[in-house]
Amino acid sequence: MAEIIRTATISGYTSKEVCVECETSNGLPAIVIVGLPNKSIDESKERVRSALYNSGMQMPKKRITLNLAPADIPKFGSGFDLPLAISILQRSGQIKIGVDKFIFFGELSLNGDIKPVKGILAHLMLAKKLGIKNAVIPLANSNEAALIDELNVLAVSNLKELIGILNGETQAVPSIQHIDSLPAQNSSVLFDHIHGQEQAKRCMQIVAAGGHNIILSGPPGTGKSMLAKALPSILPSMSKQEIIETTNLHSIAGTLDEKQFLSVRPVRSPHHTASHISIIGGGRNPQPGEISLAHRGILFMDELPEYSRQVLETLRQPLEDNEIHITRTEGKVTFPANFTLVATQNPCPCGYYGDRLKECTCTPHQINQYSRKLSGPLLDRIDLTVTVSRIDNKKLIDQKLNSDTQTKAMRSNVEQARAIQADRFNHTSKLNSNMTNRDLAKYAQIKSEAVALFDKAANELKLSSRSYVKLIKVSRTIADLDNAEFIETQHIAEALQYRFKNN
């Protein structure tokens, strides 16, 4: 009877269970792997053979057939090395205990060391869902695994150590300490470091409070990029569930650093030459793109009109649905993409159209062509647009930069508004920018004297239905910052200021 070892393979944002079956038969010594393995899995037989030899184990002198079931699911990655090795050892009687209640992940080096693998968090969440209590992972993935509780995780550094533990020859040393407290959001750029630009700072506070998308427009050197870089300083810390979501995405993409999990909200800044695949994700084995790596954080796109039209138009669906669907011949996967878009743009190719000190050198045709790079449907999905004007040079040296009073006050206001939304949406990660029409009817009640102003402005500005709804959402966030139960006239009036440029 074939021995069965449990493992898993990544499929989009989640993990799917895979059972490794091992059968030996008479014939020339060889290892055959079946069950839709990719090239890296097929090559694992050489790594497994060498790792077993260097760990003091015996390779059966028979024909070894390893099946990855179910056979109709494509398998990717080098994390199958360890379960393949364990399957051979179990079949040949070199492991004395049953391992049917374990799940195994790990890449093997030729000398038997167990190396880290991508997507370990998704694998462990699957194990927990399946009711598997024991998981064996590489020691280098232990910090990432600390986010998952109610699971007995054994993190080991080499195959010889693992075999000794499974056979009861050595004592397992606890290597996983579950995370309880997490560090706060931090940023090297504070709003106190930016002189003036009070309206832009107010907009950034609204963005942080409600998760709204924004475009900062203005001449070069006025502080647009600094405003975007200061935004993380007023964002609230992530919840543990948000940390698991974001860490899982970065683990699948292989972008985690030595800390092995994300403790602060991600900020992604793709270059304007990036391809649309790198932005939205994809590939034969679909990987998350920049919009998914910015999940629960910020996607900063500097000089938005300089991105290709294909890249810009691919943003439309994820900005609306907060997720991206990728279809390939092997199947369809979905990645979350609930990010806040912070973009900057110049008013024209030279950058000085409308500047009060420097004359624009662009022709009307060039200005028109430049502005048309951003389509109407894309701009319709932007909640706020603010002009960042030039600041007098004298003000740049009159103020001190060593205080963080303004940033602390802004962060406090944001946290208050977020607390209101947490109560409103049953302590989920939902924000005002994610409200449905049903939510709007229930939570975005407008005072009667403000309705007339709202309807008149919407008619004069010829707002689309989407823009109309976004105005209500922004007004609700402004009301939350004021700790107001209902949307009042001043809240709508302020929200309207940030829609004129888009319509």
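Just so you know, all these numbers are worked out from the coordinates, no wet-lab data involved. The structure presented is a predicted model; accordingly, all values stated were derived computationally and were not measured. Methodologically, a virtual Cβ is constructed for each residue, glycine included, from the backbone with ideal geometry; neighbour enumeration extends over all protein chains shown.
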Practice item. Provide Ile291, Ile31, Ile367 in ascending order of the number of other Cβ atoms located within 10 Å of each residue's Cβ, fewest first. Key: Ile367, Ile31, Ile291
Study note, to complete from the structure: For the Asn134, Arg316 Cβ pair and Förster radius 51 Å, calculated FRET efficiency rounded to 0.05 is 0.70
Practice item. Please work out the FRET efficiency for the pair Gln490 and Ser375, using the Cβ-Cβ distance as r and a Förster radius of 30 Å; give the result to the nearest 0.05. Key: 0.40
Check your understanding: Taking K and R as +1 and D and E as -1, what net charge do the other residues with C-beta under 11 Å from the C-beta of Ser187 add up to?
Key -> +2
Exercise for review: Assuming R0 = 25 Å, can you tell me the calculated FRET efficiency for the pair Asp392 and Gln497, based on Cβ-Cβ distance, to the nearest 0.05?
Suggested key: 0.65
Review point. Any idea how far apart Gln416 and Asn38 come out in nm if each label point goes 7 Å out from Cα toward Cβ?
Key: 5.0
Review point. When Leu66, Leu374 are ordered from fewest to most other Cβ atoms inside 10 Å of their Cβ, what list results?
Key: Leu374, Leu66
Check your understanding: Which label belongs to the value computed from this structure, given these candidates for P(r) over Cα pairs in 10 Å bins from 0, in percent: (1) 4, 20, 28, 25, 16, 7, 1, 0; (2) 4, 17, 25, 21, 12, 5, 3, 2, 3, 2, 2, 2, 1, 1, 0, 0; (3) 4, 17, 24, 20, 15, 11, 7, 3, 0?
Key -> (3)
Study note, to complete from the structure: Helix 240-253: inclination vs the chain longest Cα principal axis, degrees, rounded to 10, gives 70
Point to revise | the chain: angle of helix 198-210 to the longest principal axis, Cα-based, in degrees nearest 10 | key: 40
Review point. Which lysines have a Cα less than 25 Å from the Cα of Lys201, not counting those fewer than 8 places away in the same chain?
Key: Lys224, Lys229, Lys358, Lys394, Lys395, Lys400, Lys408, Lys430, Lys470, Lys473, Lys501
Exercise for review: Take the Cα coordinates of the stretch 191-425, assign each an equal point scatterer, and use the Debye formula without solvent to give log10 I(q)/I(0) at q = 0.10, 0.11, 0.17 Å⁻¹.
Suggested key: -0.51, -0.62, -1.32
Review point. Using the Cβ atoms and a cut-off under 13 Å, what net charge is assigned to the surroundings of Lys16, where Lys and Arg are +1 and Asp and Glu are -1?
Key: 0
Exercise for review: Measure off 7 Å from each Cα along the Cα-to-Cβ vector at His365 and Glu323, then give the distance between these two points in nanometres to one decimal.
Suggested key: 4.7
**Study point:** Additional length obtainable on full extension of the chain from Ile73 to Asn434, 0.36 nm per residue less Cα span
**Key:** 126.5 nm
Practice item. Determine, for each peptide in 159-172, 298-311, the mean count of other beta carbons within 10 angstrom over its residues, then list the peptides with the highest first. Key: 298-311, 159-172
Review point. Between the stretch 452-492 and the stretch 264-332, what's the alpha-carbon centroid distance in Å?
Key: 29
Point to revise | Label-point separation, Thr273 to Tyr468 (7 Å along Cα→Cβ), nm | key: 4.5
Exercise for review: Output ³J(HN,Hα) for the stretch 465-475: one whole-Hz value per residue in order, computed from phi by the Karplus curve 6.51 cos²θ - 1.76 cosθ + 1.60 with θ = phi - 60°, and x for Gly and Pro.
Suggested key: 4, 5, 4, 4, 5, 5, 4, 5, 5, 5, 4
Point to revise | Convex hull volume per residue for the stretch 431-503, taking Cα atoms only, in Å³ | key: 82
Check your understanding: Fewest first, what order do Glu320, Glu23 take by the number of other Cβ atoms within 10 Å?
Key -> Glu320, Glu23
Exercise for review: Tell me what the chain gives for mean residue ellipticity at 222 nm when only DSSP H runs of n ≥ 4 count, each as -39,500 (n - 2.57), the sum divided by the residue total, rounded to 500 deg cm²/dmol.
Suggested key: -10500 deg cm²/dmol
Practice item. Sort out for me the Cα centre separation of the stretch 348-369 from the stretch 90-161, rounded to whole Å. Key: 60
